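*Asks:* Sharing a structure, written as structure tokens. Questions coming.
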Amino acid sequence: MAMPELAMDSRHATMVRGPCVHDERAARLAHPLPIRVMHWIGAASVICMMLSGWAIYNASPSLPLTFPRWMTLGGWLAGGIAWHISVMWILFADGIAYLLYGFSTGHFRQDIRPPGPRAVIRDLVAALTGRLSHRMGHYNAVQRLLYAGVIVVICLAVATGLSIWKPVQLGWLTDLFGGYQVARFIHLAAMICIALFIIVHLVLVMIFPRTLVAMVAGAPAEPNDGVR
Amino acid sequence: MTRPDTPRVKPAVTADEIRPELIRLGRRGMLARGLSLGALALLTGCDLSTHSGVDAALWTMLRFNDRVQAALFSRTRLAQTYPISAVTNPFRFNAYYADWQVRETPADWHLDVSGLIADKAPWTIDKMRALPQRAQVTRHICIEGWSQIEQWSGVPLHVFLQRVGADLKGRYVSFKSFDGYSTSVDVPSALHPQTILALNFLGRPLTSEWGAPVRLRIPTKLGFKSAKKYQRNFRHQHLSRRLLGRPGLQLVFRVVMHVCSIQSERQVTTCRRHLSDYRHI
């Protein structure tokens with residue numbers, strides 16, 4: 001669940017150019033320890049959920065494609081399910097912890113909350129033309145949008161997953177999503193969105209490898225001096 | 001999933017057949033050999049049978065999961081029902097064999113009951129039809145993920161169990177089909193009002209492909225608890241459940257209900273079955 005944190009963290013995002021930007025940066029880490037721990041637990045969980053989910057998907061594919069067996073976790077349907085409903089709890093616990101942390105410390109409000117569409121478009125254009133600077137510990141508008149989006153989508157994947165896991169006992173949840181079949185489809189769509197996010201995320205980490213170091217070992221946040 | 005090339009699968013292993021192995025192996029050994037075979041091969045390139053630590057961890061989680069599932073289960077919460085017009089058509093044939101291999105009901109068919117039961121007299125279809133009947137249109141959800149709407153009617157299992165004087169302090173009810181399939185359910189699930197011994201499909205007596213003469217239908221569980229079977233290639237197929245004596249319907253008291261052997265095909269069947277023991281949905 002803490003997946004979105006891989007690249008950067010901030011108490012003051014790029015968009016917020018307040019007067020105190022220069023005051024606190026010295027001691028602050030780009031990613032505090034709880035974020036780093038939750039990020040990696042969440043990352044491993046999401047990967048396991050996807051790989052085991054593909055093993056389950058293969059048993060009754062709803063799209064005209066199946067995943068090669070070597071890409072799946074669990075090896076066969078029951079093995080995939082065993083992984084899926086085991087790791088589910090780890091992801092669930094990690095996600096709850098992250099949400100509590102995010103809301104209680106102001107992490108979501110300060111770092112993740114997406115700015116208006118204008119800022120997103122401006123930063124997206126800047127990013128695509130290579131003019132967007134990247135300062136560790138500060139999130140630009142595109143990052144905020146992606147991270148907020150993937151947090152919501154992972155929550156959606158968990159909720160739809162619960163609804164197709166217990167369509168009778170949690171029937172109200174299944175109904176909320178429009179019934180079993182629709183919930184299953186949303187679950188699949190959420191997986192695809194998460195997979196696309198991971199691809200973009202990993203590409204960006206490869207472009208800025210120092211963000212990986214910051215997420216593993218911790219590194220001080222960089223000054224947020226505006227566009228360089 | 002009906003496949004014309006469905007290989008002939010051995011009859012399901014019986015509990016008696018593998019009980020000694022079960023006792024010997026226990027759950028962990030079973031999982032180590034059976035559960036996550038191809039899984040970590042991706043990550044480790046190793047034979048998973050040596051990674052008992054991973055499998056033990058999975059088993060721990062599965063046991064936790066079982067407790068959660070049992071806690072979530074409510075005897076009074078009913079599966080959603082649908083109008084008769086919602087029944088899936090064409091209806092999907094499910095068996096662990098192809099439709100041309102469907103077993104016909106033996107001429108001398110009867111239902112035997114055994115275990116913690118007062119009245120062990122065998123049952124005929126006519127006798128079962130004389131009991132109170134219940135019809136329901138519910139969604140059959142397969143462990144594979146697909147689903148379809150079905151209409152079944154027959155004797156509620158709780159009515160039947162009370163009628164035969166079953167000791168409901170028992171924990172499990174096990175079933176054996178004359179075509180080799182067997183399964184078991186916990187007593188709370190067996191007593192659920194929507195759990196029925198179905199005699200009719202769409203208002204007509206069951207035909208062989210739908211499980212004649214009688215099949216179990218449990219809408220609060222995944223489909224294979226109602227009737228299904230797996231084949232060697234790990235593609236399971238549904239089975240039209242037929243219940244026949246020896247020992248037929250049995251209440252098993254304080255016994256580990258799932259069974260497993262070290263033979264691969266059997267593992268598939270029995271490990272799946274284990275995964276499903278509390279597979280309330």
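*Asks:* Which residues, counting only those in the range A:155-169, are more than 7 Å from chain B (Cβ to nearest Cβ) and either touching a strand residue (DSSP E or B) at 6+ places or on another chain (Cβ under 7 Å) or open to solvent by less than 30 Å² (accessible area, probe 1.4 Å) (or both)?
*Replies:* As a first pass, look at the range A:155-169 and keep what is more than 7 Å from chain B (Cβ to nearest Cβ): A:155-165.
Of everything in the range A:155-169, those that are more than 7 Å from chain B (Cβ to nearest Cβ) and either touching a strand residue (DSSP E or B) at 6+ places or on another chain (Cβ under 7 Å) or open to solvent by less than 30 Å² (accessible area, probe 1.4 Å) (or both) turn out to be A:Ala157, A:Ala159, A:Thr160, A:Gly161, A:Ser163, A:Trp165.
*Asks:* Any idea which residue in the range A:44-67 is surrounded by the most Cβ atoms within 10 Å (Cβ to Cβ), counting only those that are over 21 Å from the mean Cα position of the chain (by Cα) and at the interface with chain B (Cβ under 10 Å from one of its Cβ atoms)?
*Replies:* The initial filter retains those residues of the range A:44-67 that are over 21 Å from the mean Cα position of the chain (by Cα), namely A:55-67.
Okay, now just the ones that are also at the interface with chain B (Cβ under 10 Å from one of its Cβ atoms), so A:55-62.
On the way: A:Ala55: 27, A:Ile56: 23, A:Tyr57: 24, A:Asn58: 22, A:Ala59: 21, A:Ser60: 17, A:Pro61: 15, A:Ser62: 12.
That would be A:Ala55.
*Asks:* Which residues, counting only those in the range B:72-87, are closer than 13 Å to B:Ala135 by Cα and part of a helix (DSSP H, G or I)?
*Replies:* Correct list: B:Ile84 only.
*Asks:* Return a yes/no flag: does the range A:180-189 have any residue that is outside any helix (DSSP H, G or I), farther than 26 Å from A:Pro209 by Cβ and among the small types (Gly, Ala, Ser). Talk me through it step by step, then tell me what you get.
*Replies:* Within the range A:180-189, the first condition is being outside any helix (DSSP H, G or I), and the residues that meet it are none.
No, every residue in the range A:180-189 fails to be outside any helix (DSSP H, G or I), farther than 26 Å from A:Pro209 by Cβ and among the small types (Gly, Ala, Ser).
*Asks:* If you don't mind, another one. Any idea which of A:Val125, A:Val142 is surrounded by fewer than 21 Cβ atoms within 10 Å (Cβ to Cβ), more than 13 Å from chain B (Cβ to nearest Cβ) and modelled with pLDDT under 90?
*Replies:* Details: A:Val142 fails: surrounded by fewer than 21 Cβ atoms within 10 Å (Cβ to Cβ).
A:Val125 is the lone residue from the list that is surrounded by fewer than 21 Cβ atoms within 10 Å (Cβ to Cβ), more than 13 Å from chain B (Cβ to nearest Cβ) and modelled with pLDDT under 90.
*Asks:* Among the residues of the range B:112-145, how many are within 14 Å of chain A (Cβ to nearest Cβ) and not aliphatic (A, V, I, L, M)?
*Replies:* In the first step, residues of the range B:112-145 are kept if they are within 14 Å of chain A (Cβ to nearest Cβ); the result is B:136, B:138-145.
Applying the additional criterion that residues be not aliphatic (A, V, I, L, M) yields B:136, B:138-140, B:142, B:144-145.
Number satisfying all stated conditions: 7.
*Asks:* Filter the range A:76-86 for residues that are open to solvent by less than 10 Å² (accessible area, probe 1.4 Å) and more than 12 Å from A:Tyr57 (Cα to Cα) and give the result.
*Replies:* Result: A:Gly79, A:Ala82, A:Ser86.
*Asks:* Let me ask another. Restricting to the range A:186-205, count the residues that are open to solvent by 70 Å² or more (accessible area, probe 1.4 Å) and closer than 17 Å to A:His39 by Cβ.
*Replies:* The total comes to 2.
The values are calculated or read from the model by the stated rules, or taken from the named source; none is laboratory data. As the structure is a prediction and not an experimental result, all values here were calculated from the model. Methodologically, a virtual Cβ is constructed for each residue, glycine included, from the backbone with ideal geometry; neighbour enumeration extends over all protein chains shown. Side chains included, ligands, DNA and RNA excluded: accessible areas come from the protein's heavy atoms. Shrake-Rupley method; radii C 1.70, N 1.55, O 1.52, S 1.80 Å.
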